[in-house]
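J.: Submitted below is the structure of interest, expressed as structure tokens.
The values are calculated or read from the model by the stated rules, or taken from the named source; none is laboratory data. As the structure is a computational prediction, the values presented were derived from the model and not from experiment. Glycine gets a Cβ as well: all are built from the backbone with ideal geometry, and neighbour counts include every protein chain shown.
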Amino acid sequence: MLSPTQLLAKLGSRLTYLTQQVGALTMFMVQAVWHIFDTRRIIGRSIRQIYVIGVQSLFVILLIGIFCGMVLGLQGYYTLVKFGSVGLLGSAVSLTLIRELGPVLTAIMLTGRAGSSMTAEIGVMRITDQIDALDVMDINSMAYLVSPRVVAALISFPLLTAIFDVIGIIGGYLTGVLMLGINEGAYFYRIQASVTMTDVQGGFHKAVVFALLVTIVCCFEGYYTHKRRDSVGPEAVGNATTQAVVISCVLILAADYVLTSVLL
């Protein structure tokens with residue numbers, strides 16, 4: 001059993017390491033954003049990453065969005081019917097998706113699909129010395145690998161969030177109107193009457209913040225795979241990928257709470 005002095009020393013060591021990691025992550029983010037405006041020919045690489053992050057994730061976003069909307073329609077109906085407010089189903093589904101579930105679920109799904117891919121790809125490049133080769137050839141590895149992914153994520157996350165919201169509202173329509181018999185006009189009227197531009201802008205603001213968090217964390221874990229304490233080589237890449245996804249999801253939920261508190 002550890003003595004109080006040893007326990008305090010271990011806690012201090014952990015806090016020191018955590019502080020160092022937060023500082024390194026912050027500097028990594030600053031450099032990645034800086035190189036967006038300082039790098040030539042970033043557009044071509046960014047378009048390639050938009051395809052990888054956005055287009056290749058479209059199907060899973062459509063699939064999750066339609067089922068999420070259908071579940072919201074079903075649950076919302078059986079909740080509202082108890083209060084005689086079934087006509088408000090359109091408002092409940094649309095506001096829940098646009099304000100919260102759309103940005104959050106889109107970001108989490110993209111973390112699992114695209115974020116893990118970023119970490120693994122950059123991590124493999126690190127342990128096979130490809131990043132060192134870029135630096136030797138006087139190619140800035142941050143500008144070449146990280147900044148285009150940041151640009152692509154900042155574009156893809158809001159667009160996919162909007163698609164998720166729309167397909168989710170359609171899913172709520174399928175359940176509420178076609179299956180449970182709610183009046184179609186009432187469903188869409190409530191959406192039009194309750195959703196404001198402030199709600200839409202709030203969802204997009206969240207999507208942009210989530211995009212920056214996910215991309216920076218995932219690229220950071222891959223870029224510094226070789227400095228991990230717990231493993232080396234291919235095992236380090238696997239551990240870095242797992243850690244990147246977990247940290248990103250936690251930060252998404254934490255940031256969602258903070259942003260909701262500010263935007264409401």
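J.: Here are some conditions: (1) within 30 Å of Thr79 (Cβ to Cβ); (2) among the aromatic types (Phe, Trp, Tyr); (3) modelled with pLDDT under 95. Tyr224 meets all but one. Which one does it not meet?
T.: (1)
J.: Any idea which of Ser85, Ser46, Ser57 is polar (S, T, N, Q) and more than 27 Å from Gly115 (Cα to Cα)?
T.: Working: Ser46 fails: more than 27 Å from Gly115 (Cα to Cα); Ser57 fails: more than 27 Å from Gly115 (Cα to Cα).
Just a single option satisfies the conditions, and that option is Ser85.
J.: Would you be able to say whether some residue in the stretch 153-176 is closer than 30 Å to Asp38 by Cβ, in contact with a helix residue (DSSP H, G or I) (Cβ under 7 Å, 6 or more places away or on another chain), surrounded by fewer than 24 Cβ atoms within 10 Å (Cβ to Cβ) and not hydrophobic (A, V, I, L, M, F, W, C)?
T.: There is at least one residue in the stretch 153-176 that is closer than 30 Å to Asp38 by Cβ, in contact with a helix residue (DSSP H, G or I) (Cβ under 7 Å, 6 or more places away or on another chain), surrounded by fewer than 24 Cβ atoms within 10 Å (Cβ to Cβ) and not hydrophobic (A, V, I, L, M, F, W, C).
J.: Please state which one of Gln31, Gln75 is surrounded by 13 or more Cβ atoms within 10 Å (Cβ to Cβ), of a type in the set (S, T, N, Q), more than 22 Å from the chain's Cα centre (by Cα) and part of a helix (DSSP H, G or I).
T.: Values: Gln31 fails: more than 22 Å from the chain's Cα centre (by Cα).
Among Gln31, Gln75, only Gln75 is surrounded by 13 or more Cβ atoms within 10 Å (Cβ to Cβ), of a type in the set (S, T, N, Q), more than 22 Å from the chain's Cα centre (by Cα) and part of a helix (DSSP H, G or I).
J.: Consider Ala24 carefully, then state whether it is assigned to a helix (DSSP H, G or I), over 17 Å from the mean Cα position of the chain (by Cα) and modelled with pLDDT under 90. Can you show your working first?
T.: Working: assigned to a helix (DSSP H, G or I): yes; over 17 Å from the mean Cα position of the chain (by Cα): yes; modelled with pLDDT under 90: yes.
For Ala24, the condition - assigned to a helix (DSSP H, G or I), over 17 Å from the mean Cα position of the chain (by Cα) and modelled with pLDDT under 90 - is met.
J.: Which residues, taken from the stretch 183-212, are in contact (Cβ under 8 Å) with a residue 60 or more places away in the chain and in a loop (DSSP other than H, G, I, E, B)?
T.: Asn183, Val195
J.: Please enumerate the residues belonging to the stretch 177-190 that are surrounded by fewer than 19 Cβ atoms within 10 Å (Cβ to Cβ) and closer than 21 Å to Gly102 by Cα. Steps first, answer last, please.
T.: As a first pass, look at the stretch 177-190 and keep what is surrounded by fewer than 19 Cβ atoms within 10 Å (Cβ to Cβ): 178-181, 183-186, 188-189.
Hits for the stretch 177-190 are Phe188, Tyr189.
J.: Let me ask something else about it. Within the set of pairs 6 or more residues apart or between chains, which connect a residue that is free of Cβ contacts under 8 Å to residues at least 40 places away in the same chain inside the stretch 247-260 to a residue that is of a type in the set (A, V, I, L, M, F, W, C) and in a helix (DSSP H, G or I) with Cβ atoms less than 6 Å apart?
T.: Ile247/Val217; Leu251/Leu213
J.: Kindly provide the set of residues from the stretch 80-97 that are outside any loop (DSSP other than H, G, I, E, B) and surrounded by fewer than 14 Cβ atoms within 10 Å (Cβ to Cβ), ordered by number.
T.: Initially, the stretch 80-97 is screened for residues outside any loop (DSSP other than H, G, I, E, B), giving 80-83, 86-97.
Passing the criteria: Val81, Lys82, Phe83.
J.: Can you tell me which residue within the stretch 80-125, out of those that are charged (D, E, K, R) and farther than 18 Å from Phe188 by Cα, is modelled with the lowest pLDDT?
T.: Lys82
J.: Which number in (1) over 30 Å from Val237 (Cβ atoms); (2) among the hydrophobic types (A, V, I, L, M, F, W, C); (3) crowded, with 20+ Cβ neighbours inside 10 Å marks the one condition that Ile122 misses?
T.: (1)
J.: What are the residues in the stretch 199-217 that are surrounded by fewer than 18 Cβ atoms within 10 Å (Cβ to Cβ) and among the polar types (S, T, N, Q), if any?
T.: Gln201
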